[in-house]
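The values are calculated or read from the model by the stated rules, or taken from the named source; none is laboratory data. Not measured: the values here are computed from a predicted model. Here the Cβ positions follow ideal geometry from the backbone for every residue, glycine too, while neighbour counts run over all protein chains shown. Note: accessible area is taken over every heavy atom of the protein model, side chains too, but ligands, DNA and RNA are not part of it. Shrake-Rupley method; radii C 1.70, N 1.55, O 1.52, S 1.80 Å.
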Amino acid sequence: MPHFAKFLNQRLFAFSTLSILIALPIIYFLYQWQIETARNQEFQFYKANLTEKVDVLIQEKQSTTHALAVAMTSPPNFKEALLNDDKSIQSELERYSQRLKTLTKYKGIWIQLIDKNGISIARSWTKKHGDDLSEVRQDVAALIHNPQRMNNFSVGKFALTFKSMVPLFDDNDKFIGLVDVISQINSIDHSLAETNGVRSVVLVNKRYRKQLTNAFTGKFIDDYYVANSDADTRDMALINKFGVEKIFSSSNYVLFENQLMVTRPIYDIHGQPMATWVTIKSLNDFPFVNVQKTQRQFIVITVFIFALLLMLLAMMYFKRQAEFEKRFFFEVFDTSTEIVYVSNQRRILFANKRFFEFFNEFETLDEFHKKHHCICELFVPEEGFLKRHMNGVYWFNHVVQNKHEPHYAKVQVNGKEYVFLVKATEISNANGEQYVSVLMTDITEEERYKSQLEHLIIHDELTGIYNRHYFNRTLEQEIKRHHRYQSPLSMAFLDIDHFKKINDSYGHDVGDAVLLSIAKSISSLLRSSDVLCRVGGEEFVVIMPETSLENALIISERIRTSVEQISSKEVPEKITISLGLVELHDWDNLQSFYKRADEALYKAKEKGRNRIETQAEE
């Protein structure tokens, strides 16, 4: 028996040794496979996250550029320039672009007027004009063929840019040309560098090489134009060494010389690849969280292998693997700068760190749900924003069903209002249970800048009151309201007497001070329904809804007297105004109403100034 036991022990020892010798290469192979899989998963997750970030930035750029393009259709002199082929409009385009750069955060906006034949009338960034853009830009040719608003990336003679084009029509709704607002891609480049720590090289398809006669950056890799001005020469050399053709056509991530390159194609209006956004990150800067956890995991497995607990080790291995992956997911989940949470449509199940930073009065989801059944309880129910129910559909389902449309929510927290871009996606677990993942991006600052831009468009820069553009729009609305409800409507034209003499004698600074004093004086006398506009150098208009000629005459006399009594401390000499006052009649249209007021003002000037003249129905 001792010999048999010894033999059995030797067989067991040999079997165990053989098993270990067989298991070790298998485990080692599994280890290498798991490490490689972990690396690929990290790279794939990184690529998906980065691509989504680029998509969000492009969508924000699209929304902003489109809003600017729509706003740029308002100035009436743009239409006049198209109708009269007026090249001198270039200086005004340049001034608009400069004002955007000075007064807003949009530093790289170009503006261009293009006539109905595709000929460039004027550009804000250069005095070059007269070239036929329909021959080099597919988007321009498409819009001329079918005049409608268009947003897309496009390659012109200067650069790859995001363009938002809005057609312009004359008074007979005849297409006369378009406004082309061009936004540079450098802001997206900078944002990616700041938030994701990546470097970018934007490559334009080589088929545009001959077209780029005035290439803005002047950089090329072979015949591929480098569109972003901050592209590093070392990154360009890396792409050239790997093969610019291969990187341009790549649809996956690329590892080369210890660098991770991710590509995101940009397509033209026909769905053809026009450019590729290449992001580059050194592997030395890559965290490899999942790989490190997998390596630690191997040590644990090895210990259990030598303890001959192979089955137990295998179970623990896969269990720990799942825990590591889950932890990695939540680490990425928590580092997002957007609010992200998962809900089963009854309550929120998971929320990231940014959620609790924003709703800072709560530390847990249980605390949040004690006060709110749904985040939609904090929505401000305004037109254009999400509410609990949208057209009879719960807001979750509405966003999911219309995922290709932008959705906005105004949220009120701690007395302040914030605007979010909201996305929602349906997800399911291994058991088939359905959930909704919600991503909320804070765009409050962008909305504030948009409001500032809208304010600039309808207000006079010097006096702060409404300008001629707002006057034309408001008068047309009030005339329509009069014809519908038969309510009285009066209007007074005001002109400062001898204003040219003031400018000539005291200078334009004093003239500006006079304009400010008069605007302030008149504004203090008007009702909330009255509208004061500056329509010319020294010309003002007061629109008085729901006001008959008799009552308007009383208001106008108060205005005339108030201006006459402006203190000598504010102006160098006595200031007077002449007024032409009219009431709208049923036969009036905008032109006749305007003409009668102008004739009444002229009559007041002829009769000695500092007086009010009215013009009744003729």
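Taking the Cα centre of segment 493-558 as origin, sum charge times position over the Cβ atoms of Lys and Arg (+1) and Asp and Glu (-1), and report the length of that vector in debye to the nearest 20.
Details: 6 positive and 11 negative charges, 29 e Å.
Dipole of segment 493-558, to the nearest 20 debye: 140 debye.
Please name which of H190, V201, T233 has its Cα lying farthest along the dipole of segment 108-265 towards the positive end, using unit charges on Cβ (Lys, Arg +1; Asp, Glu -1) and the Cα centre as origin.
Of the options given, the answer is T233.
Give the calculated FRET efficiency between L526 and Q272 to the nearest 0.05, with a Förster radius of 60 Å applied to their Cβ-Cβ distance. Could you put the intermediate results ahead of the total?
Details: r = 58 Å, r/R0 = 0.96.
Efficiency for this residue pair is about 0.55.
If the reach is capped at under 23 angstrom between alpha carbons, list the lysines near K128, excluding any in the same chain fewer than eight residues apart.
Partners within reach: K79, K87, K101, K107, K116, K157, K163, K210, K219.
Using a/c under 1.5 as the rounded threshold, could you call segment 174-244 rounded, prolate or oblate? The axes a ≥ b ≥ c are square roots of the C-alpha gyration tensor eigenvalues, and prolate needs a/b larger than b/c, oblate otherwise. Mind showing how you got there, number by number?
Details: a/c = 3.08, a/b = 1.41, b/c = 2.18.
Oblate.
Expressed as a whole percentage, what fraction of the accessible surface of segment 99-208 belongs to carbon and sulfur atoms when a 1.4 Å probe is rolled over the protein heavy atoms?
Working: 2060 of 4350 Å².
After summing per-atom areas, the C and S share lands at 47 percent.
Treating the beta-carbon of each Lys and Arg as +1 and of each Asp and Glu as -1, no other charges, what is the dipole magnitude of the chain about its Cα centre, to the nearest 20 debye?
It works out to roughly 2480 debye.
Work from the charge dipole of segment 121-182 (Cβ charges, +1 for Lys and Arg, -1 for Asp and Glu, about the Cα centre) and give the residue of M150, V181, T161 farthest towards its positive end.
Of M150, V181, T161, it is T161.
Give the total of Lys-Lys pairs in segment 358-489 with Cα-Cα distances below 26 Å; include a pair only if its members are 8 or more places apart or on different chains.
For segment 358-489, the number of qualifying lysine pairs is 19.
I'd like the orientation of helix 186-196 relative to the chain: the angle between its Cα long axis and the longest Cα principal axis, in ° from 0 to 90, rounded to 10.
40 degrees
Tell me, what is a quarter of the convex hull surface for the C-alpha atoms of the chain, in nm² with one decimal?
On the way: hull surface 163.4 nm².
Spelled out: convex hull of the Cα atoms, projected over all directions, averaged, 40.9 nm².
Whenever you get a sec, compute what percent of the accessible area on segment 548-618 sits on carbon and sulfur atoms (1.4 Å probe). Provide the component values of the computation, followed by the final result.
Numbers: 1770 of 3880 Å².
Within segment 548-618, the accessible surface is 46 percent carbon and sulfur.
Tell me which of A552, Q591, I522 sits at the most positive position along the dipole axis of segment 514-600, charges placed on C-beta atoms (Lys, Arg +1; Asp, Glu -1).
Value computed over the given set: I522.
Per residue, what accessible area does the chain have, given a 1.4 Å probe and all protein chains present, in Å²?
On the way: 32120 Å² over 618 residues.
That works out to 52 Å² for each residue.
Considering only DSSP states other than H, G, I, E and B, which trypsin sites (Lys or Arg not before Pro) in segment 572-618 qualify as loop sites with at most 15 other Cβ atoms within 10 Å? Mind dumping the intermediate values first?
Working: sites: K574, K595, R596, K603, K605, K607, R609, R611; in loops: K574, K607, R609, R611.
When the trypsin sites (Lys or Arg not before Pro) of segment 572-618 are filtered for loop state and at most 15 Cβ neighbours within 10 Å, K574, K607, R609 remain.
Once the Cα atoms of helix 444-458 and of the chain are each reduced to a long axis, what angle between those two axes, in degrees from 0 to 90 to the nearest 10, is obtained?
Taking the Cα atoms of the chain, the angle to 444-458 is about 20 degrees.
Against the longest principal axis of the chain, how steep is helix 310-335, in degrees 0 to 90 to the nearest 10, with axes from Cα atoms?
Between the helix axis and the principal axis of the chain, the angle is about 10 degrees.
By its C-alpha gyration tensor, with a ≥ b ≥ c as the square roots of the eigenvalues, how is segment 450-561 shaped: rounded for a/c under 1.5, else prolate for a/b larger than b/c, else oblate?
Numbers: a/c = 2.39, a/b = 1.40, b/c = 1.71.
Oblate is the answer for segment 450-561, as a/c is 1.5 or above yet b/c matches or exceeds a/b.
Per residue of segment 264-279, in order, report the coupling 6.51 cos²θ - 1.76 cosθ + 1.60 (Karplus, θ = phi - 60°) as ³J(HN,Hα) in whole Hz, putting x for Gly and Pro.
Once rounded to whole Hz, the list reads 9, x, 10, 10, 7, 5, 9, x, 8, x, 9, 7, 9, 8, 9, 9.
Under a Cβ-Cβ cut-off of 14 Å, what is the net charge of the residues other than M544 that fall near it, where Lys and Arg count +1 and Asp and Glu count -1? Present the calculation step by step, with values, prior to reporting the outcome.
Numbers: positive: R481, R527, R558; negative: E478, D530, E546, E550, E557, E583.
Neighbourhood net charge equals -3.
Report the calculated FRET efficiency for D223 and E426 (r = Cβ-Cβ distance, R0 = 51 Å), to the nearest 0.05.
Numbers: r = 44 Å, r/R0 = 0.86.
The formula returns an efficiency of 0.70 here.
Are there chymotrypsin sites (Phe, Trp or Tyr not before Pro) in segment 107-189 that DSSP marks as loop and that have at most 15 other Cβ atoms within 10 Å, and which are they?
Working: sites: W110, W125, F153, F158, F162, F169, F175; in loops: W125, F158.
Passing both the DSSP loop test and the Cβ count: no residue.
Can you bin segment 65-176 into rounded, prolate or oblate? Criterion: square roots of the alpha carbon gyration tensor eigenvalues sorted a ≥ b ≥ c, rounded for a/c under 1.5, prolate for a/b above b/c, oblate for the rest. Kindly include the intermediate steps, with their values, before the conclusion.
Values: a/c = 1.35, a/b = 1.15, b/c = 1.17.
Rounded shape, in that the Cα axes give a/c under 1.5.
With +1 on each Lys and Arg Cβ and -1 on each Asp and Glu Cβ, how big is the dipole of segment 191-273 about its Cα centre, in debye rounded to the nearest 20?
Numbers: 10 positive and 9 negative charges, 48 e Å.
The dipole of segment 191-273 has a size of about 240 debye.
Would you mind calculating the gained length between T233 and E476 on full extension (0.36 nm times residue separation, minus the Cα-Cα distance), in nm to one decimal? List each step's numbers first, then the result.
Values: separation 243, 0.36 × 243 = 87.48 nm, distance 5.70 nm.
The T233-E476 span can extend by a further 81.8 nm.
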